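The values are calculated or read from the model by the stated rules, or taken from the named source; none is laboratory data. The structure presented is a predicted model; accordingly, all values stated were derived computationally and were not measured. Heads up, the Cβs are rebuilt from the backbone with ideal geometry, glycines too, and the neighbour counts pull from every protein chain shown.
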Amino acid sequence: MLNFSFANPTKIHFGEQQIALIKNEIPADAKVLVTYGGGSIKSNGVYDQVVDALSEHTWFEFPGIEPNPSYQTCMKAVALVKEKQIDYILAVGGGSVADGSKFIAAAANYDGEPWDILSKGGEIKSAIALGVVLTLPATGSESNGNSVVSNLDTHEKLAFASPLVLPKFAVLDPAVTFSLPNRQVANGIVDAFVHTMEQYLTYDVGAKLQDRFAEGILMTLIEEGPKAFSEPDNYQVRANIMWSATMALNGLIGAGVPQDWATHMIGHEMTAMYGLDHAQTLAIVLPRMMAEQKETKRGKILQYAERVLGLDISDEDAAIEQAITATEAFFHSVNMPTRLSDYQLGEEVADKIVEQLERHGMTAIGERGQVTLDKSRAILLASV
Ligand code: NZQ
Ligand code: ZN
């Protein structure tokens, strides 16, 4: 096992009607900014629950944080934070609202040009306190310190991470996910699955517990994911998916193990360039990444094949092929396409994305830096 330090201080309130608890989580004298997206929270009752919970607080609102939150929109919120002297941000929405709010929280206290936080690794010395009411289980953003923000002018989608933007608390009510469109349900399941794979499908370092946690998440998503479509009103299904997504990226399964993230790095460039949803890009790249990396990842793919998929691995090469096919079939089982051609895209994507990877220094990605630009190109060409 590798050395690690682990702390996840985000307090989770999980279950139905838990949104009311935000009243006790935010200091009574705080000036709160409620941030949200395009309005889904107004039609599914979440907004009303938040308004009720904040009835004794002083609060303002900032709507309009878009999917793949933009730097441009976030900077408008930063101006509002400064004008109203906000000292607590309550993000109500999916990963985009949470991520955008983290950037707002850091940018409001940043000396200098806040885009530098993303493009130059500008150091964050403080941030405004943040809480999250999660409406889309997917990213784990509700209890991690990561944020991904896009610049609409430059077509760049860049990430930063800081413990200072870790949410103080997060409310996870699975019932609020009933209103998700199928496309977003699928996105969430696939994103959580791929987060787990990025931290599991590397090489063995003897981290048995982390492996089994990861396998538990993968098996739960494979079991429950399709039921979100066949039994859309089943609360337990939603609850299991929601908790899996949080646990997939709150630091626990990634502590003490090598991490990959090459699929994500390629995927972010695809979203920035072609506007595909985050998880749509992952479902295209991961099966081809597994195929391209099957020798480097051999031991772990076989472990995944046997323990997660229940495959007979006596013929190792056959088992690896079957594991890749089964992974793609799982994505299809949650109605997620897995090819560039499903989005009317073709071979032209390869050069374009490789150019962007190079521009962002992503020339040797993966757990051993083994995914060179040539390999990224091959993966994309195989994904048509
Ligand atoms: O904007 P509204 O109207 O709220 O609608 C949203 C949005 O259109 C809708 N939605 C959310 N909850 C809903 C709902 N509609 C009905 N009922 C509900 N309960 O869903 C749409 C997509 O929302 P979004 O927040 O964009 O989705 P997601 O949670 O998948 O977040 C994706 C973003 O997170 C980043 C991605 O790159 C992408 O920008 N990621 C963040 C990570 C992190 N912070 O750790 C890691 C991930 O790998 C990822 O990169
Ligand atoms: Zn992701």
Can you report the number of residues in the range 70-105 which are of a type in the set (V, I, T) and either part of a helix (DSSP H, G or I) or modelled with pLDDT under 95 (or both)?
5
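Of all residues in the range 158-188 being touching a Leu at 6+ places or on another chain (Cβ under 9 Å) and part of a strand (DSSP E or B), which is surrounded by the most Cβ atoms within 10 Å (Cβ to Cβ)?
Initially, the range 158-188 is screened for residues touching a Leu at 6+ places or on another chain (Cβ under 9 Å), giving 158-160, 165-173, 176-177, 180, 184-185, 187-188.
Of the ones still in play, those that are also part of a strand (DSSP E or B) are 158-160, 169-172.
Values: L158: 20, A159: 14, F160: 21, F169: 22, A170: 26, V171: 30, L172: 24.
The selected residue is V171.
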Quick one: is V149 touching a residue at least 24 places away in the same chain (Cβ under 8 Å), away from ligand 2 (no atom under 15 Å from the Cβ) and surrounded by 24 or more Cβ atoms within 10 Å (Cβ to Cβ)?
no
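Can you pull out the residues in the range 251-264 that are touching a residue at least 60 places away in the same chain (Cβ under 8 Å) and either part of a loop (DSSP other than H, G, I, E, B) or near ligand 1 (Cβ under 10 Å from one of its atoms) (or both)? Lay out the reasoning, then the answer.
The first filter runs over the range 251-264 and keeps only residues touching a residue at least 60 places away in the same chain (Cβ under 8 Å), leaving 251-252, 255-264.
Within the range 251-264, G251, L252, A255, G256, V257, P258, Q259, D260, W261, T263, H264 qualify.
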Given the conditions (1) surrounded by 24 or more Cβ atoms within 10 Å (Cβ to Cβ); (2) more than 10 Å from ligand 1 (Cβ to nearest atom); (3) under 26 Å from G251 (Cβ atoms), report the number of the one that K102 does not fulfil.
(2)
If we scan the range 339-359, do we find a residue that is closer than 30 Å to E231 by Cβ, without any contact (Cβ under 8 Å) to a residue 60 or more places away in the chain and in contact with a helix residue (DSSP H, G or I) (Cβ under 9 Å, 6 or more places away or on another chain)?
yes
List every residue pair whose Cβ atoms sit under 8 Å apart, with the two residues 6 or more apart in sequence or on different chains, where the first one lies in the range 15-32 and is more than 25 Å from V237 (Cα to Cα) and the second, anywhere, is assigned to a loop (DSSP other than H, G, I, E, B) and hydrophobic (A, V, I, L, M, F, W, C).
K23/L54; I26/L54; K31/I86; V32/I26; V32/L54; V32/I86
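Look through A228, A248 and report the one residue that is touching a His at 6+ places or on another chain (Cβ under 8 Å), within 14 Å of ligand 1 (Cβ to nearest atom) and under 21 Å from G95 (Cα atoms).
Working: A228 fails: touching a His at 6+ places or on another chain (Cβ under 8 Å).
Checking each option against the conditions leaves just A248.
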Here is a check on your reading of the model: is E66 touching a Ser or Thr at 6+ places or on another chain (Cβ under 9 Å), of a type in the set (D, E, K, R), in a loop (DSSP other than H, G, I, E, B) and modelled with pLDDT of 95 or more?
yes
Can you go through A207, A214 and tell me which one is away from ligand 2 (no atom under 14 Å from the Cβ), free of Cβ contacts under 8 Å to residues at least 40 places away in the same chain and not basic (K, R)?
A214
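Residue-wise test of (1) more than 30 Å from H268 (Cβ to Cβ); (2) among the acidic types (D, E); (3) within 16 Å of ligand 2 (Cβ to nearest atom).
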residue	(1), (2), (3)
I22	yes, no, no
I41	no, no, no
H57	yes, no, no
N68	no, no, yes
Y71	no, no, no
E83	yes, yes, no
V92	no, no, no
D99	no, yes, yes
How many of the residues making up the range 281-321 are within 16 Å of ligand 1 (Cβ to nearest atom) and out of contact with any helix residue (DSSP H, G or I) (no Cβ under 7 Å at 6 or more places or on another chain)?
0
Single residue of the range 13-60 satisfying the filter (in a loop (DSSP other than H, G, I, E, B) and within 16 Å of ligand 1 (Cβ to nearest atom)) that is nearest to A77 (Cα to Cα):
G37
In the range 330-357, what count of residues is obtained for those that are surrounded by fewer than 16 Cβ atoms within 10 Å (Cβ to Cβ), within 30 Å of G121 (Cα to Cα) and under 23 Å from the mean Cα position of the chain (by Cα)?
0
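Does the range 193-216 include one or more residues that are part of a helix (DSSP H, G or I), touching a helix residue (DSSP H, G or I) at 6+ places or on another chain (Cβ under 7 Å), more than 30 Å from I353 (Cα to Cα) and not basic (K, R)? Can you show your working first?
As a first pass, look at the range 193-216 and keep what is part of a helix (DSSP H, G or I): 193-200, 208-216.
With the extra rule that they be touching a helix residue (DSSP H, G or I) at 6+ places or on another chain (Cβ under 7 Å), the set shrinks to 193-200, 211, 214-215.
From the residues that got through so far, the ones that are more than 30 Å from I353 (Cα to Cα) too are 211, 215.
If we keep only those that are not basic (K, R) as well, we get 211, 215.
Yes, the range 193-216 contains a residue that is part of a helix (DSSP H, G or I), touching a helix residue (DSSP H, G or I) at 6+ places or on another chain (Cβ under 7 Å), more than 30 Å from I353 (Cα to Cα) and not basic (K, R).
What residue, of D48, D116, is of a type in the set (D, E), over 21 Å from the mean Cα position of the chain (by Cα), closer than 19 Å to G145 by Cβ and at pLDDT 95 or above?
On the way: D48 fails: closer than 19 Å to G145 by Cβ.
Residue meeting the stated conditions: D116.
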Odd one out for S70, checked against (1) touching a Leu at 6+ places or on another chain (Cβ under 9 Å); (2) surrounded by fewer than 18 Cβ atoms within 10 Å (Cβ to Cβ); (3) polar (S, T, N, Q)
(2)
Among E142, E198, which is touching a Pro at 6+ places or on another chain (Cβ under 7 Å) and crowded, with 22+ Cβ neighbours inside 10 Å?
E142
Name the pairs whose Cβ atoms lie under 6 Å apart, with the first residue in the range 40-69 and on the phi < 0 side of the Ramachandran plot, the second among the aliphatic types (A, V, I, L, M) and within 7 Å of ligand 1 (Cβ to nearest atom), and 6 or more positions between them or separate chains?
V46/V176; Y47/I41; I65/V97
